[in-house]
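The values are calculated or read from the model by the stated rules, or taken from the named source; none is laboratory data. Please read these numbers as outputs of a predicted model, since none were measured by experiment. Counting neighbours? That spans all protein chains shown, and the Cβs are built from the backbone with ideal geometry, glycine included.
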Amino acid sequence: MAIDPRRLRPSELCRLVNSTPLGTVLDERQLHRHRTRAGFRIGDGRHVDLFRYAAWLVELRHTPTPQADGDPYEKLKQRAAARNKALSLAGRDIGELPEVANSERKGQAAEDFRFFCEAYFPMTFHLPWSPDHLKVMAMIEQAVLRGGLFALAMPRSSGKTTLCECACIWAMLYGHREFVALIGSDEGHAMGMLESIKMELEGNECLLEDFPEVVYPIHCLEGIADRCAGQLYQGRRTHIGWTARQVGLPTIPESKASGAIVTVAGLTGRIRGMKFKRTDRRTMRPPLGVIDRTGNGVEWFLDLWERRRVVGR
């Protein structure tokens, strides 16, 4: 049978080149890839020219491989680093804030400290108020909203420490005060009050529902304070603070409480000279001071009165 090497069908070409002592060197799939790559330079749509095909293979074999632009391994490392950075940023960003669950409740509590305590701390304030409690709450409300100076004695276990803690939370959440100084009878007492405030911010579902701009970023920490420095909102750091002596609320543009802080100290500790520099570079002094002093009789009043300058102005 006569074979025209200039007009070979693909199957004939494969059988021809595989008939040498070398054995199988070409299959129809590889030949198809070569025909696609070479185009009509090695034949028409149905036949292949063996000589032109061989010439094309020689040319392909001796064509120098283009040099890579730069070190391929370095480029691979850069792509991997960029990918890891993008994944890290995505994991640090808290995403969109939840919607406010009850805006009416939130609005009503803005300037009503009693309603704030009843609405957001129902498990804490579940007993009826006494006239003395109502008097204390009215004075706290006055000091937070418009300033003032007062000292008031209450019996033990009457809720004065809890009211002080709630007053600090209320003052910060609504932006009434940007910097609150909470003073305890000693360092341990002060740090214990701050831990109580942290527990409310972390675990109070009512606060999470109505103050997502403040509480949701705190929940995203999942109790891991080391995440504070890297937390992001819309690609920007929240500058949230969560230490043993200070809580800094997240910096969220649409939040009234953005960047507000509460700092604690003992009554005999370093109270004078308290200051804090905000992310906008403003230096803040505490415009509100809350002192919770446990003691007896006249000594309690004397200690408080001597340090009256730290009380809210």
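Scan A244, A225 and give me the residue that is touching a Phe, Trp or Tyr at 6+ places or on another chain (Cβ under 7 Å) and surrounded by fewer than 17 Cβ atoms within 10 Å (Cβ to Cβ).
Values: A244 fails: touching a Phe, Trp or Tyr at 6+ places or on another chain (Cβ under 7 Å).
The unique qualifying residue is A225.
Kindly establish whether F121 is closer than 22 Å to E205 by Cβ, touching a residue at least 60 places away in the same chain (Cβ under 8 Å) and in the same structural domain as F179 (by TED's automatic domain parsing). In short, yes.
Counting only residues that are assigned to a helix (DSSP H, G or I) and of a type in the set (S, T, N, Q), which one in segment 151-180 is surrounded by the fewest Cβ atoms within 10 Å (Cβ to Cβ)?
Here is the first cut: in segment 151-180, the residues assigned to a helix (DSSP H, G or I) are 160-173.
Then keep just the ones that are of a type in the set (S, T, N, Q); that gives 161-162.
Working: T161: 18, T162: 16.
Once the filter is applied, the top-ranked residue is T162.
Among the residues making up segment 260-287, none is aromatic (F, W, Y) and buried (at least 20 other Cβ atoms within 10 Å of the Cβ). For segment 247-290, a residue qualifies if it is assigned to a strand (DSSP E or B), touching a Lys or Arg at 6+ places or on another chain (Cβ under 7 Å) and among the β-branched types (V, I, T), and the qualifying residues are V247, T263, V264, T283. If you take the residues in segment 1-40 that are surrounded by 13 or more Cβ atoms within 10 Å (Cβ to Cβ) and in a loop (DSSP other than H, G, I, E, B), which one is modelled with the lowest pLDDT? Among them, the one singled out is P5.
For (1) under 24 Å from A225 (Cα atoms); (2) hydroxyl-bearing (S, T, Y), each residue gets a yes or a no:
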residue: D112; (1), (2): no, no
residue: F121; (1), (2): no, no
residue: K135; (1), (2): no, no
residue: V144; (1), (2): no, no
residue: L152; (1), (2): no, no
residue: R156; (1), (2): no, no
residue: T162; (1), (2): no, yes
residue: M172; (1), (2): yes, no
residue: M193; (1), (2): yes, no
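For D226, the criteria (1) out of contact with any helix residue (DSSP H, G or I) (no Cβ under 7 Å at 6 or more places or on another chain); (2) not in a helix (DSSP H, G or I) hold in every case but one, which is (2). Does segment 48-57 include one or more residues that are surrounded by fewer than 10 Cβ atoms within 10 Å (Cβ to Cβ), assigned to a helix (DSSP H, G or I) and either more than 57 Å from the chain's Cα centre (by Cα) or at negative phi (or both)? Checked segment 48-57: no residue is surrounded by fewer than 10 Cβ atoms within 10 Å (Cβ to Cβ), assigned to a helix (DSSP H, G or I) and either more than 57 Å from the chain's Cα centre (by Cα) or at negative phi (or both). Check whether at least one residue in segment 120-129 is closer than 25 Å to T263 by Cα, touching a strand residue (DSSP E or B) at 6+ places or on another chain (Cβ under 8 Å) and at pLDDT 90 or above, and report yes or no. For segment 120-129, residues closer than 25 Å to T263 by Cα, touching a strand residue (DSSP E or B) at 6+ places or on another chain (Cβ under 8 Å) and at pLDDT 90 or above: absent.
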